[in-house]
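Only one structure is covered here, and it is reproduced in the block below.
Nothing in this text is a laboratory measurement; each read-out follows from the coordinates by a stated rule. All values derive from a computational prediction rather than experimental measurement. Here Cβ is always computed from backbone atoms with ideal geometry, including for glycine, and neighbour counts include all displayed protein chains.
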Amino acid sequence: MATSRFFHGGLSDSESSSSEEDYEEESEEELEEDEAEAVDNSDESESSEGSDEDEDDDDDDDEGLEASNVAERQNRRDRFTRDAADEEDSDDDQRRFVRNKKDKRFEEIEGSIRLIENAEKINDWFVISQEFDKLNKLVTKAGHGDIVPKPYIKAIADLEEYMTETLSKEKTATKKMNATNAKALNSIKQRLKRNNRQYEQEIAQYRNDKENYLVEPDVEEASIVQQPVPERTELVGPEDDTGAYSVVTRGGKAVQLTTESIFKHLKVIVEARGKKNTDRTEQIRTMEKLLELAQTPYQKIRVLLALISTRYDLSFGVLSYMATDQWKAAEKELNVLLRVLEDNPSWIIVENGDEWEDDEKMPPTPGPGEIFKVSGSIVSFVDRLDDELTKSLQNIDPHTTEYIERLGDEAALYRTIVRSQVYFDRLIKNEKVESIGDSLNRTIMRRVEHLYYKPLAVIETMEGDSYKLLTSDSSSEVLRSNLQQESPSGIVQALCSFLYKNDTTIIRTRAMLCHIYHLALREKFYQSRDMLLMSHLQENIHNADITTQILYNRTLVQVGLCAFRNGLISEAQSCLQEILGSGRVKEHLAQGVGPQSRYSTVSPEQERLEKQRQLPFHMHINLELLEAAYLTCSMLLEIPAMAAAGSSPDMRKKVISKTFRRMLEFHERNVFPGPPENTRDHVFQAANALAAGDWKRSSELIQAIKIWDLLPNSELLKHMLSEKLQDEGLRTYIFTYAPFYDALSLTRLSEMFDLSDRKVAAVVSKMIAHDEIAAAMDQINKTVIFRKGVEVSRLQTLALTLSEKASGLIESNERVYEQKSQGGAIGGLQEGGVRTGGGGGRGGKPRTEFTGTPGGGRGRGGGRGRGGRNAQFAGERASAKS
Amino acid sequence: MSSEDPQAPAAAGVTAEGISIETARKYDLTPKIMSYLDRHLIFHLLAFVRDQQLYPAEELLQNTYDLLEPTNMTDYLMDLWKQLHGEEAEVPREFLIKREKVGQEWITLQNETAKITELLENPDVISNFRSDKMQNLQFLKDNHGVTDDMIDALLRYGQGAYSRGSYAQASDILYSFRILSTDSDKVNQATWGKLACEILTVNWEGAMEEIQKIKENIDTKPFLSPTAQLQQRTWLIHWALFPLFNHEAARDTILELFFSPNFINTIQTSCPWVLRYLAAAVITSKNRSGGSRAAAVQQKQFKDLVRVVKQELYEYKDPITEFIAALHLDFDFEEAQKKLGEAEEVLKSDFFLLGSAEAFVESARHLISEAYCRIHQRIDIKDLSQRLNLSQDEGEKWIVNLIRDTRVDAKIDYKNGTVIMNHPPQSVYQQVIEKTKGGFFRTQVLHAAVTR
C-alpha cells in the first residue's frame, strides 16, 4: 500500500500516461484521498496556490495513517513530490464531505477522457469505443439532468475531430485496420454523431475558443465551488420558459394568465409533459384557471384535452389508482368537453385531426356545415376513466362504505359512456368525418360490460339516468331504438346485435359472451346454451387473451347456474364441471388468487398481472353458491351411478365428477361425523343419506343449506331439488337393494318415496327399458319382478369390456380416417360420429355436445370425440393460469 | 314470400266448434310452412284449409286472392274476385288491363324464344349435341346464331309460363334452358322452378330427381354463405314434404335425406316443426314390411328421432312429438295414450298427413304395445286394450296378431284375462357376439380404404 502510493506519487509529476490505467483499476480500493490526489496530480491545467496550512493538514492526515519514522521520511518525500498537488488536496479536504460523490464522478469522467486520448494516440478504436460508452454513462449519472461537464464536451469534440481525420486517412491508407478496430471505428462513428447532436451548442462554443473553454469553468468551479448554479447558463429554449413560467405561478401571480395567452401556456404545459420534476398539480391548477378564462369552443376543447390527460398522468404504475377527487374532476371535465362538442357540432375531436400549425393562434372559426377536427381521442379518455374506476374498486376493501360510495360513481361513468356513444354516433353519420375507427364499437362494448351482469331493475335505473343528461336533439340510432323498446331487457340485446353487425374483432367475441351471460342471468337457458354452442367459442377460446378467457369462464359458469335453477341437473353439472372440476375456481373466474400450488412458483411479475386481472367485488359470482350447486348436481348424478355400479370394479371407473368422488371419500374417512357446519358438510351428509335410501333426511340436509336463499325463488328451487332427490333416491334404492329381492311392490315403493304410483311406474319402466336393471313389471299384482341368474361372472365382465373397447377402437379408427379423407364416405360407416361435426361451420347446431349422456365416453376409447372437448378446456385452463 | 296469417283473424272470429277443431287449430302449421313455399304451392295448402273449414271461408278466400294477385293467372283471379264480391259485382278495369298486358308480355316472350325453341325441337340440332355444355353452346352460336340473351329469354319464358299456371309447359322450357345455360346461378333458379312444376303436375319421379339435384347443388356450391345454405336447405325440406307423403317410393330416399347430418341440423336450427312430419313418416314407415336391413335402418331412424325430439322439446312440441316423448322418454303410457288421441285430430287436419292418419294410429299402437310388452311380465288384456283405445275383444285380437306378427314370446292366460310375457335374459355370449359382430367387416373396409 505504502509503496504503491509512494510510487505513484513519484511518477505523478512527470506526464505519465501508462499509469493511468492502474489508477482506474485501483480506484476502488484506494482511499478517497489517493484518488483525489491522483487526479489532481495529473491535472494539467492546475492553478498553483501554495499554503502551509494545507501541508499541516496533510501531515495530520498522514500521521494518522502511519506513525513511524519511515513514514515520516516518506511523508517528507511525499510532500516534496506532491507539492503542487497538495493545494488542491487541501481544498478537497475542506469540501470532501459535501462533494465526495459528485467529485468522484467527475474524476472518473476525467479518467475516461484521458484513456480516450491515450488510445487515440495509438489508434486503438476498440478501447476508445469502450471508454466512450463508459463516459456517456458516467456523464448521465453525474449530470443531474442538464449539467454537462466541460471536459466531456471537450473530449467528444476532440474525438469527433480525430475520428473524421482517421476516417479520411483510412480512405487513402494502403494498409487497412484490423477487423475489430474497423468495426469499433464504425460503431463509434455512428454513436458519436448521434450523441454530439445533443450538445451542438456546447461543442460550437468549445470550438470557437478552444483554449479558454476549459479554463473559465475551472475558475468558476474553484470560486463558487459546488453550487449547482452552472445549469442556468446551459439552459436553452423552452426550459427557459418553464423556469420563467413557474416563477410566475409560484409567486401566485396568476393574473398574468389571459385569454390571449391560453395557447402559449398550454404549449408550455404540453411540452413539459412526461418530463421529470414537472409539478402536475401545479399545472392542473393553472389549467383550471385557464379553463375559466377560455371563451371560444376551440379554447375550451384544447384546455380540456390537456387538462384531462394531465389528470390521468397524475397516477401511474399498474397498481396505484387515481384519487377519487381527481377521478371525479376528470369525469366532470369529460362531460363538459362532451357538452362543448354537443353544443358546437362544427368542432369535433378525432384521432387524426387537422394539424393547426401555429399553436398559439386561433384557427378560423368554421362556418355552419363545416367541421374542424381537433386531434385527440375521446374514446381513450372514456376507456381510461373506466379503467381507473375498476382499478380503484380492485384496490378498495369491498366491505367498507368507501367501496359502496365508489361504486356509486359507476352510474356517472355510465352516463358519460352513453354520452360519448351519442357523440360517436353523430360522427359516424356525418359523412365529412372519414372514419373514427372502432371508437363507437369500443364505447358500446364498454357500455355492455357495465350492464351484462346486472339485474334488470338496476339496468333500468342506469338507463333512465343516462338519458337525462342528453339534450333532446342529440339523437342516436342505437339509443332511439332503446327508447322505443321501453323494457330494459332489450338493451343488452340491441347493443350486442349492433356489435355483431359492425365488428369482427375480439370485441364481437366479448359482446357475444356478455350477451350469453345476460341471457343466462335471465333464466333463458336454452337460448344462451344455443348461442354458446353456435358461436363455436369453445374451440378457439384458448387462443384468446386472458381477460376474454375469464369472461368465457364466467359465462360458462353462469349458464351452468341457470341450468341448475331450471332443474336441468345434468346440463348444469357438465357446464360447471369445466370450471369447478379444476380446483382452481378462483383463478379461473379472477375472483382472488387461489392457494399456491406446491410445484409452481409464481414470480412477482405474474402475481402482479394476476392482481390486475381481478374483477371488482361487485361483479363476483358467489363461489359458495357455485360450489353448492355443483356438488348438489354431482350428488344427484353420482350417487345413483355409484349404486348402479355396485361393487363391480370396472363399472366404478365411470366417474362423473372426480372432485365429488374425492371429497366423498374424504368425508367417509371421518370416524365421527359431527352435525354439518358448512355447505360442503351438508351436501356430503345428504349424499350419504341418499345412498342409504333415506331421501327425507337427504332432502332436509339439502334444504338446510343457507346459500340457496341468495337465489331468487329459493322456495321453488328447494322444491325442485327435493323432487329430484325423491326420484334419484328411488333409483338408488332399487339399484342398491335389487339383488336382495325377488319382487318389490310398486305401492310400497310409492309409499316409501312419497311419489305417485304412476311416477314410480314411470321411473321403474325407464330403468327396465334402458336395461339398467334386469326386471319386468307384473301389472296384475303391481310389482316389479327381478330376474335371477343375470349376474355375470368376472370373466364375462372382462369379455364384455373387451368387446366394448374393441368396437370403440374401430369407431375411433374410422373417425380418424374420415377426418383425414375430409368426410369421404367409407361405405355406410360414417353413421354415428359425424353427426356432431356436420353442422360445424354451416350454422348448424352441434347439440350433442351438451346432451351427451353423462359419463358416457369419459375415459373410454370410444369417446374421443367428446373427450376432445375436455382436452381443449384443459389447454384453456393451462393458459388461463399463466 | 307472402306473409298472410290466416290464424290471427280467425282465432277471434269463430265461436266454439268443438274441441277437435280447437286442437287442430292450435297445432296448425300452415302459417309456418307457408313462409317457406312458393305462391303456387301455398295455393294448394290454402285450398285444403278451406276444405277443412277451420277458419271462416270469406277470409280464406280473401287470403287466396291476395296470395295470387302478383301472379299472372288472371282468369282465375277474376273468378276469385267474383266469389269474393258476389257474382254480379263488376270486375274492375285493372283486371282487364292486366290481362291484356300479361298477354302481350307472353307473346313478346314467345317471339323472343321462338327461334331457340324451334331449334331445340329440330332433331338435326339435337343430334349434334354432346355432353359438354360449352361445346353445345358454341355449336349453337356458330351454326344457328343463338346469343346468350336468347337463352336468358328462355328462362324468363319459363317463369312466365309458370306464373300463368301452365306448369307442364314451364317444366319443359326450364329443362331446355338447363341444357344450354352455363350460368350456374340461373341453372339453380331453373332447377327450383322445375321442382315446383313437377310438384304441381304431380310428377313425383321428376320431383325426386330435382330434389337430388338441388341437394347436390347446395352441398357443393362453395361460395354459398352458411346462412344462405341453411335457408336453401330449409326451403328444400319444406318442398320435399310434398313427395314425402304423396309418393310411396320417395319416402325412404327423403327420410334418408332428412336424417343426414346437415339436414337434421337444419331442421333443428330453423324449422323444428318439420319434426312432426319426420315423426309421422318414421312411425308410419315402421309398420311396413321390409328386409332386415330396412328394419335396421328404421330402428336407427327411430332412435335418432327420439334423440332429436328430446333435444327440441323445449323449442317445439305438438301432440305427435309429445307422444314420442311420453312413450320413449318418460315411459308414461297414460300420457302417451292421451297424446295419441290428440295426434289423430291434428293429423286429420294437416294437409300433408291427412292420408297417413290411419296408418299412423295403427303404427303408434304397435309402438305402445311393443314398449309395454318389453317392460311388463304380466299384462291385463283389459288394461292394454284401454291403452290402445280398443274394446276388450278387439284388444285380444290385436294381441294375438301382435304375437303372431312380431314373434313375441308370450302366452294368453284366458281364464285370468292376462298375457304372460316371457323375457329370456340376454345371455352374455349373445351380448359379446352382438358387440363384435360388425367388427371384422368394418376393419376390412377400413383397411381397404387406407391401402387404396
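Here the Karplus curve 6.51 cos²θ - 1.76 cosθ + 1.60, taken at θ = phi - 60°, turns the phi angles of segment A:515-532 into couplings of 4, 4, 4, 4, 5, 5, 5, 9, 6, 9, 5, 5, 4, 5, 5, 4, 5, 5 Hz, with x standing for Gly and Pro.
Calculate for chain B the 222 nm mean residue ellipticity that helices alone would give, adding -39,500 (n - 2.57) per DSSP H run of length 4 or more and normalising by residue count, nearest 500 deg cm²/dmol. Before the final figure, lay out each step's value.
Working: 25 runs with 330 residues, N = 452.
Estimated from H runs of four or more residues: -23000 deg cm²/dmol.
Only helices at least 15 Å long along their own axis, judged from Cα atoms, and with Kyte-Doolittle mean hydropathy of 0.0 or greater: name those in chain B from DSSP H. Walk me through the numbers before you get to the answer.
Numbers: long enough: B:39-52 (20 Å, 0.36); B:57-68 (16 Å, -0.21); B:74-85 (16 Å, -0.60); B:93-121 (39 Å, -0.62); B:133-144 (16 Å, -1.35); B:148-164 (24 Å, -0.56); B:167-180 (20 Å, 0.52); B:184-200 (24 Å, -0.13); B:204-220 (24 Å, -1.01); B:226-246 (31 Å, 0.04); B:274-286 (18 Å, 1.13); B:292-312 (30 Å, -0.65); B:333-348 (23 Å, -0.93); B:357-375 (27 Å, 0.21); B:392-406 (20 Å, -0.96); B:439-451 (18 Å, 0.65).
Both cut-offs are met by B:39-52, B:167-180, B:226-246, B:274-286, B:357-375, B:439-451.
Sorted fewest first by neighbouring Cβ atoms within 10 angstrom, A:633, A:514 come out as A:514, A:633.
My understanding is that a pair violates if its Cα-Cα distance is over 19 Å; which of B:300/B:435; B:101/B:186; A:706/A:759 do that in this structure? Could you put the intermediate results ahead of the total?
Working: B:300/B:435 16 Å; B:101/B:186 26 Å; A:706/A:759 30 Å.
Listed pairs above 19 Å: B:101/B:186; A:706/A:759.
Within the set A:501/B:317; A:300/A:373; A:391/A:454; A:524/A:724; B:98/B:194; B:26/B:382, which residue pairs have Cα atoms separated by over 23 Å? Don't skip to the end; give the middle numbers.
Working: A:501/B:317 32 Å; A:300/A:373 14 Å; A:391/A:454 19 Å; A:524/A:724 21 Å; B:98/B:194 26 Å; B:26/B:382 33 Å.
Long pairs (Cα-Cα over 23 Å): A:501/B:317; B:98/B:194; B:26/B:382.
Structural descriptor for segment A:623-742: relative contact order 34 percent, calculated from alpha carbon pairs under 8 angstrom and at least 6 residues apart. Across segment A:736-811, the mean sequence separation of Cα contacts (distance under 8 Å, 6 or more residues apart), normalised by length, yields a relative contact order of 30 percent. The amide H of residue A:372, built 1.01 Å from its N in the peptide plane, has A:347, A:348 as neighbours under 5 Å, considering only residues 5 or more places off or on other chains.
What is the order of B:28, A:313, B:172, fewest Cβ neighbours within 10 Å to most? Show your work: numbers first, answer last.
Numbers: B:28 22, A:313 14, B:172 17.
Ascending Cβ contact count within 10 Å gives the list A:313, B:172, B:28.
Relative to one another, the C-alpha centroids of segment A:294-335 and segment A:670-715 are positioned 54 Å apart.
For a quick check: sort B:328, A:618, A:770, A:518 by the number of other beta carbons within 10 angstrom, fewest at the front.
Values: B:328 20, A:618 14, A:770 10, A:518 25.
Arranged by neighbour count, lowest to highest, B:328, A:618, A:770, A:518 become A:770, A:618, B:328, A:518.
Residue-wise HN-Hα couplings along segment A:571-578, as the Karplus relation 6.51 cos²θ - 1.76 cosθ + 1.60 with θ = phi - 60° gives them from phi, are 4, 4, 4, 5, 5, 6, 3, 4 Hz; Gly and Pro carry x. Positive end of the dipole of segment A:623-742 (Cβ unit charges, origin at the Cα centre): among A:656, A:674, A:704, the Cα lying farthest that way belongs to A:656.
Judged by the ratio a/c of the largest to the smallest principal axis of the C-alpha gyration tensor, chain B counts as oblate, that ratio being 1.5 or greater while a/b is no larger than b/c.
For segment A:623-742, report the convex hull volume of the alpha-carbon atoms normalised per residue, in Å³, without decimals. Mind dumping the intermediate values first?
Numbers: hull volume 12.6 nm³, N = 120.
Looking at segment A:623-742, the number lands at 105 Å³ per residue.
Extents of segment B:355-452, largest first, come to 63, 40, 18 Å (Cα atoms, principal axes, whole angstrom).
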